[in-house]
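**Q** First, the structure itself, so that you have it in front of you.
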Amino acid sequence: MEEKRHINIHYDKELREVKDSLIYVGALTEKAIEQGMNALLNRDTELARLVIANDALIDRLDTEIEEKCIRLLALRQPAARDLRFIATAIKINGHLERIGDMAANIAEKAIILNQEPLLKPYVDLPRMAEVAQGMIKESLDAFINEDVALAHKVRGDDAIIDNLNEQIFRELLTFMMEDPHTIHRSLIISQISKLLERVSDHAEGIADMVIYMVTGQSVRHKPASAENG
Amino acid sequence: MKFRLLHKFFFAFLTVGIVVVAVAGFLIEGELKTDLTMRIGEETAAEARIIALMPTGEIARQAGELAERARARLTLIDIAGRVIADSEAGSRELDNHLDRPEIQEALRAGIGKAVRYSLSLKKDMIYVAVPLQEGSRTTGYIRLSRPLTEIALATYGMGKTVFAIILAIVGVSLTIALLFSLKMLSPIRRLAAFAGQVRTGSISGTLRIDSRDEIGQLSDSINEMVSALQEKIQTADAERRKLESVFSSMREGVIVLDAENRIESVNQGIEEMTGRRHRDVIGKTLLEAFRNSKLHDALERFRATEETVSEEIGLGDHRPVMMDVTISAIHGKTEAERKTMLVFHDVTRLKKLERIRTDFVANVTHEIRTPLTAIIGFVETLQQGAIDDRGKALEFLRTIHENAQRLNRLIDDLLILTGIELGETNFHPERLTIEDALEQAMAVVAERISEKKLKLLKEIRQDLPPIRADRDSLIQILLNLLDNAVKFTPEGGTITFTASPGAEQDLIVRIADSGVGIPKGEIPRLGERFYRADKTRSRELGGTGLGLSIVKHLMKAHRGRMVIESALGRGTTVSLHFPLAQETT
């Protein structure tokens, strides 16, 4: 859409709007995950409540973007690149909405954890959040700049998250075995770790769609290393 | 260019020449033909009249000889049109001649002339007929005919002449066109070359064309135009350079959006504030470049109201910056020139100072009130009768004393801090070795180290140069840091003390513990007064929340600095950078 312009400037404007709205939601979800994690790490219940409240906006925009895309499909009957763009937009929109939900979920868990004493200083969880946030950021950057190489990198980062998730689980297991009082908190932390793992999956999903949008080839359900090598 | 002009001249001359000659030739040929035909006709008519005077029989008999003398063909025709005799063909072969136009004319007017193509001789012929008369009665006709070859010859000759003239005209017009175009072309080409130079911007001097005609005038106007233009360009250039240097040197960040709301330019300030490079943001929308929903909202609000919008926005990935953004319009003459300007003020420091100030007030009241509440509470309990229970009373008094001392410590610390900050503390700098100071500080915490079964490792190089510092301050610094290390390291942990020369004429002292560590986000705030990374725990351990703040300010007073590194769960390392003592002092 960047290089070639349509004769109908309204069509151009509509495509542009979809892209802008997606980036906007992207910015919101990025922020939501960041704030959700900060609420957890800084034990900031107020911030957690804000994240949960803000999710309503992400949900509303999700419906709006979907409607815009469907209207474009119906009225403009896009072909080739534009069709791929709209298909990508619909899927990325879904991923972002889910990430937003997960940010709210993390915030909910943070509120519960904040009511109990700190189990232990978080070490791996912040690292995991950092990687997951990096993946969201880079997948969105890849979308904006149509950067296939960056999208491939995001796909590769998923392995780091999986490792951290396992590591956290093992550590929590030892806590739970040593002291049954920690079971409740450990389970919640484990759920947060799982949520972050799923956030990274959605970031990977966005990266997949970026690759599809630019190259027209689907890389979903294929290992990241296969096309990196 | 050259050839086109040449062609134009050439064809113009050629056309005019050829048309004139052709028309003249055509007219003259026509005239010539009529004239000659008439003369030949009259000659022949005269001869025919002479022959007609002879008696008919005689004519018929001498037809051949008469024809030869008259250099013509002679035909004798009777009144009914039958050919009686013919000088060149047998009379029998010829058909009735009464319908011939010349005969008809002779019958009517006494003489008939006609020019036509003779089928029998295959030539243009002139026919002249006169009636034969006996008295007043017409008995027949005599007709003389001659070929018009003379005329054809005459017109052919003239055609050759005309053709030669046309060739000459072609030659002459080519020459004239060439000369003319060369004369005209040379200045025009120079004009064109000069205009080209002006267009590309490499103007050298003025255009010199010594001509008084229109081209000369044109070159004069061009020269005037160019010099006026140059002046304008220079002014605009200077103006642009001035604006550019203002734009790039101002500390505020500036973004200019074009009519389509894409980033048209950013200045150095933006690059420094946001860490985004020029080429990464140009041509993108604000959302694409900064992906900040608040910034986008602010822009949308500006677009809706068309009024200047001012908003505080957090930006930046690595280093969070608080921006005060002002969005305003740059009005242009056309829709395409309408631009939007965003000016960013970095208010991070301002915000931080504001927060520190409010935090300080909140903290200091809190820190003072906690022991005060305890003191008042216990005093009231004593007043209400507890004083009579000697055991309880002593315990209460001890608690009151502890809280009073805590208040005292707090106020002492605050005074130290204020003293350093206001520059009222008197330092007595002397040459000191780290080892001496460490020993004195250690004496204070040694007991608690052994209580917690902590391991203290000392790595102090023997050849370390001395530093110049105030003895009491140095001990205070080391004491505060050791105190923190002891407090936050669990039992059986390790504290490592190292001193080594640094890279830049300084001495680095490191106090590392294997304690709980500090979250990354908290580290920059550690030097703030009353700032505690772990709020509940620190207070339990009896800290005032001023220790690191005092260290920071004392280090500053000694022209050194403090750097804190930490990993959660692994421990914290505080590095002190002391400048070395100068040899002369």
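The values are calculated or read from the model by the stated rules, or taken from the named source; none is laboratory data. In this text the structure is predicted, and so the values were computed from the model without any measurement. Reconstructed Cβ throughout: ideal geometry from the backbone, glycine too, with neighbour counts over all protein chains shown. Side chains included, ligands, DNA and RNA excluded: accessible areas come from the protein's heavy atoms. Shrake-Rupley method; radii C 1.70, N 1.55, O 1.52, S 1.80 Å.
**Q** May I ask you to list pairs of residues, at least six apart or on different chains, whose Cβ atoms are under 8 Å apart, with the first in the stretch B:119-140 being within 18 Å of B:Val83 (Cα to Cα) and the second being of a type outside the set (Phe, Trp, Tyr) and open to solvent by 100 Å² or more (accessible area, probe 1.4 Å)?
**A** Final answer for the pair search is B:Val130/B:Arg49; B:Pro131/B:Leu107; B:Thr138/B:Leu107; B:Thr139/B:Gln133.
**Q** Can you find a residue in the stretch A:7-28 that is open to solvent by 50 Å² or more (accessible area, probe 1.4 Å), hydrophobic (A, V, I, L, M, F, W, C) and either more than 30 Å from A:Glu108 (Cα to Cα) or modelled with pLDDT under 85 (or both)?
**A** For the stretch A:7-28, residues open to solvent by 50 Å² or more (accessible area, probe 1.4 Å), hydrophobic (A, V, I, L, M, F, W, C) and either more than 30 Å from A:Glu108 (Cα to Cα) or modelled with pLDDT under 85 (or both): present.
**Q** Taking the stretch A:112-127 on its own, how many of its residues are within 9 Å of chain B (Cβ to nearest Cβ) and at pLDDT 85 or above?
**A** Selection size over the stretch A:112-127: 1.
**Q** Let me ask another. How many residues does the stretch A:79-107 hold that are among the acidic types (Asp, Glu) and modelled with pLDDT of 90 or more?
**A** 2
**Q** Considering only residues that are among the small types (Gly, Ala, Ser), closer than 17 Å to B:Ala109 by Cβ, out of contact with any Asp or Glu (no Cβ under 8 Å at 6 or more places or on another chain) and open to solvent by less than 70 Å² (accessible area, probe 1.4 Å), which ones fall in the stretch B:130-150?
**A** none
**Q** Right, B:Arg468: at pLDDT below 85 and surrounded by 16 or more Cβ atoms within 10 Å (Cβ to Cβ) or not?
**A** Considered against the rule, which asks whether it is at pLDDT below 85 and surrounded by 16 or more Cβ atoms within 10 Å (Cβ to Cβ), B:Arg468 comes out as yes.
**Q** Report, ordered by the first and then the second residue, all pairs with beta carbons closer than 9 Å, sequence separation of six or more or different chains, a first member in the stretch A:32-43 that is closer than 16 Å to A:Asp124 by Cα, and a second member that is open to solvent by 10 Å² or more (accessible area, probe 1.4 Å) and among the small types (Gly, Ala, Ser).
**A** From residues that are closer than 16 Å to A:Asp124 by Cα, the pairs are A:Asn38/B:Gly521; A:Leu41/B:Gly521; A:Asn42/B:Gly521.
**Q** Search the stretch B:297-311 for residues being over 22 Å from B:Glu272 (Cβ atoms) and touching a strand residue (DSSP E or B) at 6+ places or on another chain (Cβ under 6 Å), and hand back the single one that is farthest from the other protein chains (Cβ to nearest Cβ).
**A** By that ranking, first place goes to B:Thr308.
**Q** Is one or more of the residues making up the stretch B:260-269 over 21 Å from the mean Cα position of the chain (by Cα) and within 20 Å of B:Asp324 (Cβ to Cβ)?
**A** yes
**Q** Separate question: Inspect all residues belonging to the stretch A:59-66 and state whether any of them is without any contact (Cβ under 8 Å) to a residue 40 or more places away in the chain, assigned to a loop (DSSP other than H, G, I, E, B) and away from every other protein chain (no Cβ under 14 Å).
**A** For the stretch A:59-66, residues without any contact (Cβ under 8 Å) to a residue 40 or more places away in the chain, assigned to a loop (DSSP other than H, G, I, E, B) and away from every other protein chain (no Cβ under 14 Å): absent.
**Q** Looking at (1) open to solvent by 60 Å² or more (accessible area, probe 1.4 Å); (2) in contact with a helix residue (DSSP H, G or I) (Cβ under 7 Å, 6 or more places away or on another chain); (3) under 30 Å from A:Arg185 (Cα atoms), which is the one condition that is false for A:Ile52?
**A** Against the list (1) open to solvent by 60 Å² or more (accessible area, probe 1.4 Å); (2) in contact with a helix residue (DSSP H, G or I) (Cβ under 7 Å, 6 or more places away or on another chain); (3) under 30 Å from A:Arg185 (Cα atoms), A:Ile52 comes up short only on (1).
**Q** Can you find a residue in the stretch A:26-39 that is over 22 Å from A:Val131 (Cα atoms), away from chain B (no Cβ under 14 Å) and out of contact with any Ser or Thr (no Cβ under 9 Å at 6 or more places or on another chain)?
**A** no
**Q** Just for the stretch B:84-97: of the residues that are open to solvent by 60 Å² or more (accessible area, probe 1.4 Å) and free of Cβ contacts under 8 Å to residues at least 40 places away in the same chain, which one is nearest to B:Gly41 (Cα to Cα)?
**A** For the stretch B:84-97, the residue satisfying everything is B:Glu88.
**Q** If you check B:Glu300 against the conditions, is it under 24 Å from B:Lys352 (Cβ atoms) and more than 25 Å from the chain's Cα centre (by Cα)?
**A** So B:Glu300 fails the test.
**Q** Given (1) within 12 Å of chain B (Cβ to nearest Cβ); (2) open to solvent by 30 Å² or more (accessible area, probe 1.4 Å); (3) assigned to a helix (DSSP H, G or I), identify the lone condition not met by A:Ile136.
**A** Evaluating A:Ile136 over (1) within 12 Å of chain B (Cβ to nearest Cβ); (2) open to solvent by 30 Å² or more (accessible area, probe 1.4 Å); (3) assigned to a helix (DSSP H, G or I) leaves (2) as the failure.
**Q** Can you name the residue in the stretch B:48-83 that is closer than 12 Å to B:Thr139 by Cα and among the hydrophobic types (A, V, I, L, M, F, W, C) and, of all such residues, is most open to solvent (accessible area, probe 1.4 Å)?
**A** If we take residues in the stretch B:48-83 being closer than 12 Å to B:Thr139 by Cα and among the hydrophobic types (A, V, I, L, M, F, W, C), then B:Ile79 is most open to solvent (accessible area, probe 1.4 Å).
**Q** Determine which single condition B:Lys294 fails, assuming it passes every other condition in (1) in contact with a strand residue (DSSP E or B) (Cβ under 7 Å, 6 or more places away or on another chain); (2) open to solvent by 40 Å² or more (accessible area, probe 1.4 Å); (3) away from every other protein chain (no Cβ under 14 Å).
**A** (3)
**Q** Answer yes if at least one residue in the stretch B:23-35 is open to solvent by 30 Å² or more (accessible area, probe 1.4 Å), in contact (Cβ under 8 Å) with a residue 12 or more places away in the chain and of a type in the set (Phe, Trp, Tyr), and no otherwise.
**A** Checked against the condition, which is being open to solvent by 30 Å² or more (accessible area, probe 1.4 Å), in contact (Cβ under 8 Å) with a residue 12 or more places away in the chain and of a type in the set (Phe, Trp, Tyr), the stretch B:23-35 yields no hits at all.
**Q** Next up: Given the conditions (1) modelled with pLDDT under 80; (2) of a type in the set (Asp, Glu); (3) assigned to a helix (DSSP H, G or I), and given that B:Asp210 satisfies all but one, which numbered condition is not satisfied?
**A** Going through (1) modelled with pLDDT under 80; (2) of a type in the set (Asp, Glu); (3) assigned to a helix (DSSP H, G or I) one by one, B:Asp210 breaks only (3).
**Q** Could you please give the count of residues in the stretch B:550-572 that are more than 14 Å from chain A (Cβ to nearest Cβ) and either outside any loop (DSSP other than H, G, I, E, B) or surrounded by 15 or more Cβ atoms within 10 Å (Cβ to Cβ) (or both)?
**A** 15
**Q** Looking at the stretch A:112-123, which of its residues are surrounded by fewer than 19 Cβ atoms within 10 Å (Cβ to Cβ) and either part of a helix (DSSP H, G or I) or of a type outside the set (Lys, Arg) (or both)?
**A** Hits for the stretch A:112-123 are A:Ile112, A:Asn114, A:Gln115, A:Glu116, A:Pro117, A:Leu118, A:Leu119, A:Pro121, A:Val123.
**Q** Out of B:Glu272, B:Glu252, B:Glu244, report the one residue that is open to solvent by 60 Å² or more (accessible area, probe 1.4 Å) and more than 21 Å from the chain's Cα centre (by Cα).
**A** From the options B:Glu272, B:Glu252, B:Glu244, the qualifying one is B:Glu272.
**Q** Exactly one of (1) in a helix (DSSP H, G or I); (2) free of Cβ contacts under 8 Å to residues at least 24 places away in the same chain is unmet by B:Ala437. Its number?
**A** (2) is the only condition that B:Ala437 fails.
**Q** Okay, moving on. Mind listing just one residue for me: the one in the stretch B:297-342 that is over 25 Å from B:Arg251 (Cβ atoms) and among the basic types (Lys, Arg) and, of those, surrounded by the fewest Cβ atoms within 10 Å (Cβ to Cβ)?
**A** B:Lys333
**Q** Only one of A:Leu75, A:Leu57 is open to solvent by 70 Å² or more (accessible area, probe 1.4 Å) and of a type in the set (A, V, I, L, M); which?
**A** Residue meeting the stated conditions: A:Leu75.
**Q** Can you tell me how many residues within the stretch B:514-534 are open to solvent by 20 Å² or more (accessible area, probe 1.4 Å), more than 12 Å from every other protein chain (Cβ to nearest Cβ), in a loop (DSSP other than H, G, I, E, B) and over 12 Å from B:Ile356 (Cα atoms)?
**A** 1
**Q** Within the stretch B:269-276, is there a residue that is of a type outside the set (D, E, K, R), free of Cβ contacts under 8 Å to residues at least 60 places away in the same chain, within 13 Å of another protein chain (Cβ to nearest Cβ) and touching a helix residue (DSSP H, G or I) at 6+ places or on another chain (Cβ under 8 Å)?
**A** For the stretch B:269-276, residues of a type outside the set (D, E, K, R), free of Cβ contacts under 8 Å to residues at least 60 places away in the same chain, within 13 Å of another protein chain (Cβ to nearest Cβ) and touching a helix residue (DSSP H, G or I) at 6+ places or on another chain (Cβ under 8 Å): absent.
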